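Notes follow once the structure below has been shown.
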Amino acid sequence: MLRFGLAVIVAVPALVLSGCGAGDDGTGTGTRPPGTHVTIRVPADAPTISAGVSLARPGDLVLVAPGVYRESVEVDRPQVTLRGESRDAVVVDGQLRRPNGIVVTAPGVAVENLTVRNNTQNGVLVTGSAKAAAGTPGQGGYDTGDEPVTFLKSFLVSHVTATRNGLYGIYAFSAQDGVIEHSYASGSADSGIYVGQCKPCRIVVRDNTAELNAVGYEGTNAGGEMYVVGNRFVGNRVGLTTGSDHQEKLLPQRDAVVVGNLIAANQQVATPEQADGGWGIGVGIDGGSGNQVLRNRIDGNANAGVVITATADLPPEGNQIVDNTFAANGVDVGWTFPTATRGRGNCLRGNDLATTVPAGLVTIAACPATDQSPSGTWTSPKPPRGIPFTDVAAPAAQPQLPNATTAGGTAVPAAPALPDIAAIPLPPASLLAEGALVRTP
């Protein structure tokens, strides 16, 4: 998707990795242990992850031993848990020839404690869209026709490492009622974590680290009980965006909550380069409305801490920027509307601000909102050349899922518990520093 000039243009080298792995493509054979809610072990009971999933019934756990599994896995059985014994040592490797590492197309599925890498499109894809699951996108979005949106309902992605993927690391598209948590995304040529085309979403993205991506987190046409909470978006080209795009359905984007995140130093050079790509931005609201940006630490973004702008004919309206701490940004908050499409009702309150564009936003756009639409411009730094996503630094070891080898399958609720936003504090500068390569300023 196009976000703040981020064009999806990905060069994938013709490279085939060699070496022995624990599995290969195909479902293979295997034997399911007798009983209900059983553990199917890969490769002991099934030679590949796909073979293990094909044996699974609701309530089963597919538990994967350490190894490199050169396959693409579709989890099309409901209420199945796919879990690695070791987050860093269980690797699903796309070899730069497969579009997706793990595709979830059934409800109630949990994907836990493993690494997904080297896919030409996505590391983990959770979707109710048959077009998206097929892995053959057009130039724009997957669902731009007249057919109704089909949602996948209920999912969990937890303690997953997604690195060096050609589009998105962890991608929830046309999905509802889910959680993405305790995960790490790097080396994504578009965004580390992406939530798209859901209304209402009822999705919680919490306690994740996204670094060394073109964009840390993107929410596109995603809103309505959509929470981005307590994450570390540090050392990307752009930290976080939420907005509207005609290339997906369910326009316009509205009603997301971004609270308690660390959004810092998003001008990392050794990241995937995009044509006309944004750089140095902490938070971008692009044609999105009714969003709340609350108690985030927004620090050291060379272009701007928060940018509000319009998308084509879609104005941003009624966004609230409240009680955030800003430091060492090029511009702390900038509102810019270069065309006739202008935002209204956006407001600020209780922020620690040094600079705004236009000047005086703290006064002229104070909450509660009025029907103002101020706009300004500023000189943005020129984005430096980046690197291919295949060359992004390998992640450090990441925290393991507790009791990964002893616990049974994870029961994914029909709807997640939604956070109490009033109880979420301003985060420390050290938020989720364990396992991160990029430090705060």
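Against the list (1) assigned to a strand (DSSP E or B); (2) among the hydrophobic types (A, V, I, L, M, F, W, C); (3) out of contact with any strand residue (DSSP E or B) (no Cβ under 7 Å at 6 or more places or on another chain), the condition Leu96 fails is (1).
Tally the residues that are free of Cβ contacts under 8 Å to residues at least 40 places away in the same chain and buried (at least 24 other Cβ atoms within 10 Å of the Cβ), restricting the search to the stretch 149-165. Adding up the residues that qualify gives 0.
The test for being modelled with pLDDT of 95 or more, farther than 19 Å from Leu167 by Cβ, out of contact with any helix residue (DSSP H, G or I) (no Cβ under 7 Å at 6 or more places or on another chain) and polar (S, T, N, Q) does not hold for Asn213. Of all residues in the stretch 42-63, those satisfying the criterion of being in contact (Cβ under 8 Å) with a residue 40 or more places away in the chain, surrounded by 24 or more Cβ atoms within 10 Å (Cβ to Cβ) and hydrophobic (A, V, I, L, M, F, W, C) are Ile49, Leu63. Counted as qualifying within the stretch 322-361 are the strands (runs of 3 or more DSSP E) with 2 or more residues that are surrounded by fewer than 24 Cβ atoms within 10 Å (Cβ to Cβ) and under 25 Å from the mean Cα position of the chain (by Cα), namely 325-327. Cβ-Cβ contacts under 7 Å between residues 6 or more apart (or on different chains), taken from a first residue in the stretch 331-357 that is without any contact (Cβ under 8 Å) to a residue 40 or more places away in the chain and more than 21 Å from Asp255 (Cβ to Cβ) to a second residue that is acidic (Asp, Glu) and surrounded by 15 or more Cβ atoms within 10 Å (Cβ to Cβ), are listed as Leu353/Asp332; Ala354/Asp332; Thr355/Asp332; Thr356/Asp332. Across the stretch 294-315, the number of residues qualifying as out of contact with any Ser or Thr (no Cβ under 9 Å at 6 or more places or on another chain) and among the β-branched types (Val, Ile, Thr) comes to 1. Restricting attention to the stretch 256-276, the residues that are within 15 Å of Gly235 (Cβ to Cβ) and either small (Gly, Ala, Ser) or in contact with a helix residue (DSSP H, G or I) (Cβ under 6 Å, 6 or more places away or on another chain) (or both) add up to 4. Going through (1) touching a Lys or Arg at 6+ places or on another chain (Cβ under 8 Å); (2) closer than 27 Å to Ser174 by Cβ; (3) in contact (Cβ under 8 Å) with a residue 60 or more places away in the chain; (4) not small (Gly, Ala, Ser) one by one, Leu96 falls short only on (1). Within the stretch 252-284, the residues that satisfy the criterion of being assigned to a strand (DSSP E or B) and either within 28 Å of Ala393 (Cα to Cα) or touching a Gly at 6+ places or on another chain (Cβ under 6 Å) (or both) are Arg254, Ala256, Val258, Leu262, Ile263, Ala264, Pro272, Ile281, Gly282, Val283, Gly284. Within the stretch 211-221, the presence of a residue that is over 27 Å from Thr115 (Cβ atoms), touching a strand residue (DSSP E or B) at 6+ places or on another chain (Cβ under 8 Å), surrounded by 24 or more Cβ atoms within 10 Å (Cβ to Cβ) and touching a residue at least 60 places away in the same chain (Cβ under 8 Å) is excluded. In the stretch 298-317, the residues that are within 17 Å of Val234 (Cα to Cα) form Cβ pairs under 6 Å with partners that are in a loop (DSSP other than H, G, I, E, B) and of a type in the set (Ser, Thr, Tyr), at six or more places apart or across chains, as follows: Asn303/Ser380.
Looking across Ile298, Ile364, one residue alone is within 27 Å of Pro252 (Cβ to Cβ) and at pLDDT 95 or above. It is Ile298.
The single condition from (1) surrounded by 15 or more Cβ atoms within 10 Å (Cβ to Cβ); (2) closer than 30 Å to Gln176 by Cβ that Asp420 fails is (1).
So, of the residues in the stretch 300-321 that are of a type in the set (Gly, Ala, Ser) and crowded, with 20+ Cβ neighbours inside 10 Å, which turns out to be nearest to the chain's Cα centre (by Cα)? Of everything passing the filter in the stretch 300-321, Gly305 is nearest to the chain's Cα centre (by Cα). Checked against (1) under 24 Å from Phe151 (Cα atoms); (2) at pLDDT 95 or above, His246 meets all criteria but (2). Give me the residue from the stretch 224-242 that is at positive phi and of a type in the set (Gly, Ala, Ser) and, out of that set, surrounded by the fewest Cβ atoms within 10 Å (Cβ to Cβ). Ranking the candidates gives Gly224 first.
The values are calculated or read from the model by the stated rules, or taken from the named source; none is laboratory data. Keep in mind it's a predicted model, so treat the numbers as computed, not measured. Positions of Cβ are backbone-derived with ideal geometry, glycine not excepted, and every protein chain shown enters the neighbour counts.
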